[in-house]
1. Any idea which of (1) at pLDDT below 80; (2) surrounded by 10 or more Cβ atoms within 10 Å (Cβ to Cβ) is the one Ile69 doesn't satisfy?
2. For segment 28-37, which positions are touching a residue at least 12 places away in the same chain (Cβ under 8 Å) and either over 11 Å from Trp52 (Cβ atoms) or of a type in the set (S, T, N, Q) (or both)?
3. Quick one: which residue in Val38, Val44 is in a loop (DSSP other than H, G, I, E, B), at pLDDT 90 or above and outside the structural domain of Met107 (by TED's automatic domain parsing)?
4. Take the conditions at pLDDT 70 or above, of a type in the set (Gly, Ala, Ser), exposed (fewer than 10 other Cβ atoms within 10 Å of the Cβ) and assigned by TED's automatic domain parsing to the domain that holds Leu110 and apply them to Gly92. Does it pass?
5. Does Leu113 satisfy being modelled with pLDDT of 80 or more, within 21 Å of the chain's Cα centre (by Cα) and assigned to a helix (DSSP H, G or I)?
Amino acid sequence: MVRMTLITGAERRRQWSFDERQQIVAAASAPGAVVAEVGRRWDVSTSLIYKWLREVRRAGRESGFTLVIVKGEPHAVACDPPDATITVDIGGARVRIGADAPAALVMATLKALRS
């Protein structure tokens, strides 16, 4: 015996506003977050959340910026404008990065300092 289910009526396609997408991506990107739990909370599939996360990462690479999370007390760092450098102090290490450095080099340096 073959069973077939015919679904009639309007197709269920939910439209997510830009603000809702930002909230969902932020929740999924939070430290310790589980994408499946975020999906259940917002009633959105995990594959769609992963797609949005990829889009955010891709947009970040195209703009030359990356997400940086600073923990601890912020402090001022002296920087001479003619030098056009970025000085990063992490865990006792100090790194100076030239303003003309490629984004890939900057990201690799920050990842190496983080670990």
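The values are calculated or read from the model by the stated rules, or taken from the named source; none is laboratory data. Since this is a predicted model, take the numbers as computed values, not measurements. A quick note on method: Cβ atoms are made from the backbone with ideal geometry, for glycine too, and the neighbour counts reach across all protein chains shown.
1. (2)
2. Taking segment 28-37 first, the residues touching a residue at least 12 places away in the same chain (Cβ under 8 Å) are 28-29, 35.
Scanning segment 28-37 gives a single hit, Ser29.
3. Numbers: Val38 fails: in a loop (DSSP other than H, G, I, E, B).
After ruling out the rest, the residue left standing is Val44.
4. Details: at pLDDT 70 or above: yes; of a type in the set (Gly, Ala, Ser): yes; exposed (fewer than 10 other Cβ atoms within 10 Å of the Cβ): yes; assigned by TED's automatic domain parsing to the domain that holds Leu110: yes.
It is true that Gly92 is at pLDDT 70 or above, of a type in the set (Gly, Ala, Ser), exposed (fewer than 10 other Cβ atoms within 10 Å of the Cβ) and assigned by TED's automatic domain parsing to the domain that holds Leu110.
5. Values: modelled with pLDDT of 80 or more: no; within 21 Å of the chain's Cα centre (by Cα): yes; assigned to a helix (DSSP H, G or I): yes.
For Leu113, the condition - modelled with pLDDT of 80 or more, within 21 Å of the chain's Cα centre (by Cα) and assigned to a helix (DSSP H, G or I) - is not met.
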